[in-house]
1. Explain nothing, just compute: Karplus ³J(HN,Hα) = 6.51 cos²θ - 1.76 cosθ + 1.60, θ = phi - 60°, for every residue of region 49-58 in order, whole Hz, x for Gly and Pro.
2. Which residue, 62, 16, 38, tops the fluctuation ranking in a GNM of the chain built on C-alpha contacts under 10 Å?
3. To the nearest 10 square angstrom, what accessible area does residue 32 show with a 1.4 Å probe?
4. Quick check on the chain: helices-only [θ] at 222 nm, where DSSP H runs of length 4 and up contribute -39,500 (n - 2.57) each and the sum goes over total residues. Nearest 500, please.
5. Hey, can you find the accessible area per residue of the chain for me, probe 1.4 Å, expressed in square angstrom?
6. How much accessible area does residue 28 have with a 1.4 Å probe, in Å² rounded to the nearest 10?
7. With a ≥ b ≥ c the root eigenvalues of the C-alpha gyration tensor of the chain, is it rounded (a/c under 1.5), prolate (a/b larger than b/c) or oblate?
Amino acid sequence: MSDPLFVFGIGVALAGCGSIGTTFNACREVLTIPRGPGAMSATALLAAVIFMLLVGCGIVAGGLWVAVAVAGGSHG
């Protein structure tokens, strides 16, 4: 039986991978939005999407860190 904390870490990492995929899709959508007068610039939108991408990478890293720490026996 796997340690529940290990399973939690893997689950968090997989959820982070899902958020990264969703963010890449959002980035693609931002680039296809037609720009009109008074519209928000693509640069500001891309900056927000890149921030979301970094958060997703942090979630993956945190989940993997927990899973590796538990698998390596360095907890407790």
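1. 5, 5, 4, 4, 5, 5, 5, x, 5, x
2. The residue with the greatest mean-square fluctuation here is 38.
3. Near enough 90 Å² of accessible area.
4. Values: 2 runs with 59 residues, N = 76.
Helices in the chain give a 222 nm mean residue ellipticity of -28000 deg cm²/dmol.
5. Working: 5150 Å² over 76 residues.
With the other protein chains kept in place, the chain gives 68 Å² per residue.
6. Number for this one is 140 Å².
7. Details: a/c = 6.22, a/b = 3.58, b/c = 1.74.
Here the chain falls in the prolate category.
The values are calculated or read from the model by the stated rules, or taken from the named source; none is laboratory data. Predicted, not measured: the structure shown is a model, and the values here were computed from it. Side chains included, ligands, DNA and RNA excluded: accessible areas come from the protein's heavy atoms. Shrake-Rupley method; radii C 1.70, N 1.55, O 1.52, S 1.80 Å.
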